[in-house]
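Asks: Below: one structure in structure tokens.
The values are calculated or read from the model by the stated rules, or taken from the named source; none is laboratory data. Keep in mind that what you see is a predicted model, and the values were worked out from it rather than measured. In this analysis, Cβ positions are derived from the backbone assuming ideal geometry, glycine residues included, and neighbour counts consider all displayed protein chains.
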């Protein structure tokens with residue numbers, strides 16, 4: 001069973017390579033509120049819908065003081081293709097061994113078309129400026145999730 005993070009827990013540390021080959025660490029974002037969203041695979045329909053929803057609301061998240069990061073097991077090269085194809089303007093992190101996804105409880109058993117499979121659990125984490133989990137949402141829907149997240153954070157839409 002995958003362990004899920006709860007509000008108030010310390011967010012697991014990470015340093016990962018992004019879609020442009022840069023290293024991004026959670027420690028380097030101390031003092032910022034971070035939205036880290038986990039998705040199964042770049043360039044797939046659901047993940048594209050979700051990424052484009054985040055892209056389209058990025059300015060409003062930024063104006064509220066949030067830094068946005070996506071994370072998946074995809075290679076930096078595939079993530080770069082995804083960013084370019086969809087005009088994404090936020091970093092996409094590569095976690096090929098899924099170790100960070102596992103620490104966040106976003107990799108493990110899930111239901112897919114009625115069957116139990118092991119994979120990335122579409123999830124979103126809001127990390128406060130001190131590095132603690134403010135909000136953890138698991139098994140979110142690709143469509144409509146960004147609007148729901150904004151409501152859950154009390155942000156105007």
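Yes/no per residue for (1) within 19 Å of residue 32 (Cβ to Cβ); (2) surrounded by fewer than 21 Cβ atoms within 10 Å (Cβ to Cβ); (3) without any contact (Cβ under 8 Å) to a residue 40 or more places away in the chain:
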{"site": "60", "(1), (2), (3)": "yes, yes, no"}
{"site": "92", "(1), (2), (3)": "yes, no, no"}
{"site": "96", "(1), (2), (3)": "no, yes, yes"}
{"site": "118", "(1), (2), (3)": "no, yes, yes"}
{"site": "137", "(1), (2), (3)": "no, yes, yes"}
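Asks: Further question: Got at least one residue in the stretch 48-66 being within 18 Å of residue 131 (Cα to Cα) and either within 13 Å of the chain's Cα centre (by Cα) or assigned to a strand (DSSP E or B) (or both)?
Replies: yes
Asks: Under the condition of being out of contact with any helix residue (DSSP H, G or I) (no Cβ under 8 Å at 6 or more places or on another chain) and part of a loop (DSSP other than H, G, I, E, B), which residue from the stretch 145-155 is nearest to residue 29 (Cα to Cα)? Reasoning before the result, please.
Replies: Our first condition is that a residue be out of contact with any helix residue (DSSP H, G or I) (no Cβ under 8 Å at 6 or more places or on another chain); within the stretch 145-155, this holds for 148-149, 151-154.
In the following step, the residues that additionally are part of a loop (DSSP other than H, G, I, E, B) were identified as 153-154.
Values: 153: 20, 154: 22 Å.
If we take residues in the stretch 145-155 being out of contact with any helix residue (DSSP H, G or I) (no Cβ under 8 Å at 6 or more places or on another chain) and part of a loop (DSSP other than H, G, I, E, B), then 153 is nearest to residue 29 (Cα to Cα).
Asks: In this structure, is residue 65 farther than 24 Å from residue 17 by Cβ, touching a strand residue (DSSP E or B) at 6+ places or on another chain (Cβ under 6 Å) and surrounded by fewer than 21 Cβ atoms within 10 Å (Cβ to Cβ)?
Replies: Numbers: farther than 24 Å from residue 17 by Cβ: yes; touching a strand residue (DSSP E or B) at 6+ places or on another chain (Cβ under 6 Å): yes; surrounded by fewer than 21 Cβ atoms within 10 Å (Cβ to Cβ): yes.
So residue 65 passes the test.
Asks: Search the stretch 21-40 for residues being in a loop (DSSP other than H, G, I, E, B) and touching a strand residue (DSSP E or B) at 6+ places or on another chain (Cβ under 9 Å), and hand back the single one that is surrounded by the fewest Cβ atoms within 10 Å (Cβ to Cβ). Please lay out each step first, then the result.
Replies: So the first thing to find is which residues in the stretch 21-40 are in a loop (DSSP other than H, G, I, E, B), and the list is 21-22, 26, 30-32, 39-40.
Checking the rest, the ones that are also touching a strand residue (DSSP E or B) at 6+ places or on another chain (Cβ under 9 Å) come to 26, 32, 39-40.
Details: 26: 19, 32: 14, 39: 26, 40: 20.
Within the stretch 21-40, the match that is surrounded by the fewest Cβ atoms within 10 Å (Cβ to Cβ) is 32.
Asks: If I ask for residues that are in a helix (DSSP H, G or I) and either touching a strand residue (DSSP E or B) at 6+ places or on another chain (Cβ under 7 Å) or within 15 Å of residue 4 (Cα to Cα) (or both), which ones from the stretch 82-119 would you list?
Replies: Residues satisfying the conditions are 82, 83, 99, 100, 101, 102, 103.
Asks: List the pairs whose first member sits in the stretch 103-115 and is on the phi < 0 side of the Ramachandran plot and surrounded by fewer than 18 Cβ atoms within 10 Å (Cβ to Cβ), whose second member is at pLDDT below 85 and not in a strand (DSSP E or B), and whose Cβ atoms are under 8 Å apart, counting only residues at least 6 apart or on separate chains?
Replies: If the second residue must be at pLDDT below 85 and not in a strand (DSSP E or B), the pairs left are 109/1; 109/2.
Asks: Further, regarding this structure: Can you name every residue in the stretch 1-34 that is touching a residue at least 60 places away in the same chain (Cβ under 8 Å) and closer than 21 Å to residue 84 by Cα?
Replies: 16, 17, 18, 19, 20, 22, 24
Asks: Moving on to the next point. Got at least one residue in the stretch 123-131 being within 19 Å of residue 44 (Cα to Cα), in a strand (DSSP E or B) and either at pLDDT 95 or above or out of contact with any helix residue (DSSP H, G or I) (no Cβ under 8 Å at 6 or more places or on another chain) (or both)? Steps first, answer last, please.
Replies: Step one: of the stretch 123-131, the residues within 19 Å of residue 44 (Cα to Cα) are 123-124.
Filter again for in a strand (DSSP E or B), leaving 123-124.
This time we only want the ones that are either at pLDDT 95 or above or out of contact with any helix residue (DSSP H, G or I) (no Cβ under 8 Å at 6 or more places or on another chain) (or both), so: 123-124.
Looking for residues that are within 19 Å of residue 44 (Cα to Cα), in a strand (DSSP E or B) and either at pLDDT 95 or above or out of contact with any helix residue (DSSP H, G or I) (no Cβ under 8 Å at 6 or more places or on another chain) (or both), one finds at least one in the stretch 123-131, hence yes.
Asks: Surrounded by fewer than 13 Cβ atoms within 10 Å (Cβ to Cβ) and at pLDDT below 95: is that true of residue 3 in this structure?
Replies: Working: surrounded by fewer than 13 Cβ atoms within 10 Å (Cβ to Cβ): yes; at pLDDT below 95: yes.
It is true that residue 3 is surrounded by fewer than 13 Cβ atoms within 10 Å (Cβ to Cβ) and at pLDDT below 95.
Asks: Sticking with this one: Would you say residue 79 is closer than 12 Å to residue 37 by Cα and in contact (Cβ under 8 Å) with a residue 12 or more places away in the chain? Give the derivation first.
Replies: Details: closer than 12 Å to residue 37 by Cα: no; in contact (Cβ under 8 Å) with a residue 12 or more places away in the chain: yes.
Here the answer is no, as residue 79 does not meet what is asked.
Asks: Still on this structure: Suppose the filter is on the phi > 0 side of the Ramachandran plot and either touching a residue at least 12 places away in the same chain (Cβ under 8 Å) or out of contact with any strand residue (DSSP E or B) (no Cβ under 6 Å at 6 or more places or on another chain) (or both); does residue 43 pass it?
Replies: Values: on the phi > 0 side of the Ramachandran plot: yes; either touching a residue at least 12 places away in the same chain (Cβ under 8 Å) or out of contact with any strand residue (DSSP E or B) (no Cβ under 6 Å at 6 or more places or on another chain) (or both): yes.
Against the criterion (on the phi > 0 side of the Ramachandran plot and either touching a residue at least 12 places away in the same chain (Cβ under 8 Å) or out of contact with any strand residue (DSSP E or B) (no Cβ under 6 Å at 6 or more places or on another chain) (or both)), residue 43 qualifies.
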